[in-house]
1. Take the Cα gyration tensor of segment A:23-153, multiply each eigenvalue by 5, square-root it, and list the three semi-axes largest first, rounded to whole angstrom.
2. Remind me, what semi-axes does the protein assembly as shown give for its equivalent ellipsoid, largest first in whole Å, using sqrt of 5 times each Cα gyration tensor eigenvalue?
3. Can you give the net charge of the other residues whose Cβ lies under 10 Å from the Cβ of A:Phe107, counting K and R as +1 and D and E as -1?
4. By the scheme Lys and Arg +1, Asp and Glu -1, what is the net charge of all other residues having a beta-carbon under 10 Å from that of A:Ile9?
5. Using 7 Å Cα-to-Cβ label points, what is the B:Ala98/A:Ser31 separation (nm, one decimal)?
6. Which residue, A:Ser90, A:Ser31, A:Ser127, tops the fluctuation ranking in a GNM of chain A built on C-alpha contacts under 10 Å?
7. To the nearest whole number, what is the average tally of beta carbon atoms from other chains within 10 Å of the beta carbons of peptide A:47-60?
8. Relative contact order for segment A:109-242: what is it in percent, counting Cα pairs under 8 Å that are at least 6 residues apart?
2 protein chains.
Amino acid sequence: MINGHTDFIAHLGWPTHSFKAPMIYNPYFASAGINAVVVPMGCKPDAFPDALRSLFRLENIRGALITMPHKVTVVDLLDEVSPTVKVAGSCNAVKRTADGRLVGDMFDGEGFVRGLRGKGLQLRGASALVVGSGGVGSAIAASLAAAGIGTLALYDVQEAAAEGLAQRLRMHYPQVTVRTGTRDPAGFSLVVNATPLGMNPGDPLPIDMDRLDPRAFVGEVVMKTEMTAFLQAAQARGCRVQVGTDMLFEMIPAYLEFFGYPTTSADELRAVARLEY
Amino acid sequence: MINGHTDFIAHLGWPTHSFKAPMIYNPYFASAGINAVVVPMGCKPDAFPDALRSLFRLENIRGALITMPHKVTVVDLLDEVSPTVKVAGSCNAVKRTADGRLVGDMFDGEGFVRGLRGKGLQLRGASALVVGSGGVGSAIAASLAAAGIGTLALYDVQEAAAEGLAQRLRMHYPQVTVRTGTRDPAGFSLVVNATPLGMNPGDPLPIDMDRLDPRAFVGEVVMKTEMTAFLQAAQARGCRVQVGTDMLFEMIPAYLEFFGYPTTSADELRAVARLEY
């Protein structure tokens, strides 16, 4: 119930039609007795810098969720960003500190990592192949590096994207062995699809499944269907898998903590969310 | 249920704690199946011009409700204002036209007038005394003039406020006889308390009740209690009365129409509102 004591979180992007956060955060806030609301705000690129600055001069803004097409441009508008933002090159959460600075972070990859940890996966020293070096692939790579992964192989059809990400990873996480140029999954204990392949029927699979180690753990970012063709094929080889929405629900506790709310679990969020897949 | 198709109405003011609009509009939107939400936004004076301008560059803003301390300053930030705003000198509703201009209006007085009409009062050619020439008194005077009142007597302890309002009324509504300088209710068929008297226990009554015509209709803007001491005294003399919250609920259909929503009734709004008095 919104009243004069309600804080709001601005959800800035364009178009807004596919926004999912309001249907996860708001039912959770209601169930947890937190007086806050996520408000979708359609914002085109030329309006974004002004909107961000002006919104953060309002008294009851608790933070902002930043989505397409502003995730990259927002980085240069902030006073401080996390190492994950620096590696990923994009940011989707902003808050104001007590002294008025705007700080940004990015927890999409953290959601992916929390999901893996919850399934008992040991990441420290492991080797991972991340196919796709766009926004979400970069975020996952950054969070795997922060989680202590030993070896990280990056692949993108746009070679420059994978190379740029590799460079930023080497700068911020020199202890991680970063390789590029192949999407051969052989020998990796973790294989991640961070491409849009699987969004549309008839999409090719992101890797050669015959080369996938049956002991490997396989993760997916596509959440259009729970069990994508890629995950089905991986499961058929005996691999354990993580579905796309696990990343979605696992990342939200991290965002809530960032905005200063008590922590919660992905299960609790799933139980109250009003998403339809 | 807020989702990616939700429009929002920014409710701008400071402090926000006593905001009532969210608890009236939002339950109504939910009950009427209108996908919109009123969001309280705490805004201090120095942040206001930027906030107003930037918010109206967002795609899904349906309008703004403007309250203290911005009702007067907002007028000069708009491209177009109604005659009511010009007379009242303040504005509390803003929308963006299709061609991007910001237009302002003010329906507090219209709510008062709609309430009177709903009670069968004939305003055309009638004579009214409005005690108090602040924001709400000015709005009521402007709407009474627009409704065709014949004679309007204005009184304020700050004489300049009543004189200024009288001048603006004479300019925009030359057919209305406007007088100032007395709060003697004798001879008026409508008497309105538009002062804060009645907010606090022990407040004096705004007029000399012994001079009040028992056939007069008496209206009140104070809504801290339904039957204020003033209304009780008027009723004791035999006068018919209108309580403060009638104005509140009667104005909201006018605001909804201004923002482009279907019209509704004060009764329907009262039935779903979640206000506690």
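1. Taking √(5λ) for each Cα gyration eigenvalue gives 29, 19, 13 Å.
2. Square roots of five times the eigenvalues give 61, 21, 18 Å.
3. Charge balance in the 10 Å sphere: -4.
4. +1
5. That separation, rounded to one decimal, is 4.4 nm.
6. It is A:Ser31.
7. Taking all residues of A:47-60 together, the mean is 6.
8. It comes to 22 percent, rounded to a whole number.
We did not get these values from a lab; they are worked out from the coordinates using the rules stated. Nothing here was measured: the structure is a model prediction, and the numbers come from that model. So basically every Cβ, Gly included, is an ideal-geometry build from the backbone, and we count neighbours across all protein chains shown.
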